[in-house]
Amino acid sequence: MNTTASTAARISHRPPQPGNALAASTLFKSNPTHHGQVMKLNVPMLYSISPTWLQRILRRCPSFLRPSWKKRYMIQIGKYIYRYKISGAASDQSNMELKGTPVLLDTAQSTMLRLTTYGLQVADDRDVIAFAADLPSICSGYFSITSAGETRHYAVATKEEATTWINSIRQGRQANIELTMGHDKRPYPESWRYINAMGDERVKRHGRIKEIMVGSEKREMEMMEFMNGGINNNSATGGHFG
């Protein structure tokens, strides 16, 4: 076999990359449990850590400084919920870009959010998640998904649609727990096993990237503390000529 043929053979046997294997078109072909377009609340870091008086000012600033709603498409299949950025019509699967880490259903909690005259709130909680003036006009149903210590807030067209998402997530969580414990004896789709494996790989890859970033930030903090310690020591010992 010549070099060109050998290279072609290696490429043909190379396993698909997670990004390609988890394309929306691939998941749709495998009969997902649930899917649909949502609006995701995006809260900039500066806004989230600012006091209330500063948040009021930021809400009058350009959109990248204040909370905004981003169009997303979510697909629930197998062990995970996959989230996609939509750059065109929701019906055009080629314009869907996979975003972030898949949400593991085993640990996912979903809750309906309460719409009041002030804005969006969690039941029995007076804190406003998003003010009424900032809510998307095309939506009347709101819910949240909490997983891995992070809570994301979503809006959909109707309350019934929000309820459907909540029930689907809860049922998916229960089904995956039963499958892990060996209680579910129903045949499991082979395509789902493959998608699960690719989802696992994406989670691991994002975990490694996060560890590297955390390690880098830690080293920077240690270096700053070391330099500040050196400056303070010089000051204490009269580190100047005179």
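Data overview
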item: Ordering of 180-187, 200-207 by packing [mean C-beta count within 10 Å, highest first]; result: 200-207, 180-187
item: Packing-based ranking, highest mean first, of 188-199, 152-163 given that Cβ atoms within 10 Å are counted; result: 152-163, 188-199
item: Aspartates and glutamates whose Cα lies under 13 Å from that of Lys40, excluding same-chain neighbours fewer than 8 positions away; result: Asp134
item: q = 0.13, 0.22 Å⁻¹, segment 18-106: log10 I(q)/I(0) [Debye, one scatterer per Cα]; result: -0.53, -0.99
item: Rounded, prolate or oblate (a/c below 1.5 giving rounded, otherwise prolate when a/b exceeds b/c) for segment 17-201 by Cα gyration tensor; result: prolate
item: Count, lysine Cα pairs under 13 Å in segment 43-186, 8 or more residues apart or across chains; result: 5
item: Segment 17-201 - percent relative contact order, Cα under 8 Å, separation 6 or more; result: 22
item: Set of aspartates and glutamates with alpha-carbon distance to Lys29 below 16 Å, sequence-local pairs under 8 removed; result: Asp92, Glu190
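All of the numbers you see were taken from the coordinates with simple rules; none came from a lab. All values derive from a computational prediction rather than experimental measurement. When we count neighbours, we look across all protein chains shown, and the Cβ atoms used for this are built from the backbone with ideal geometry, even at glycine.
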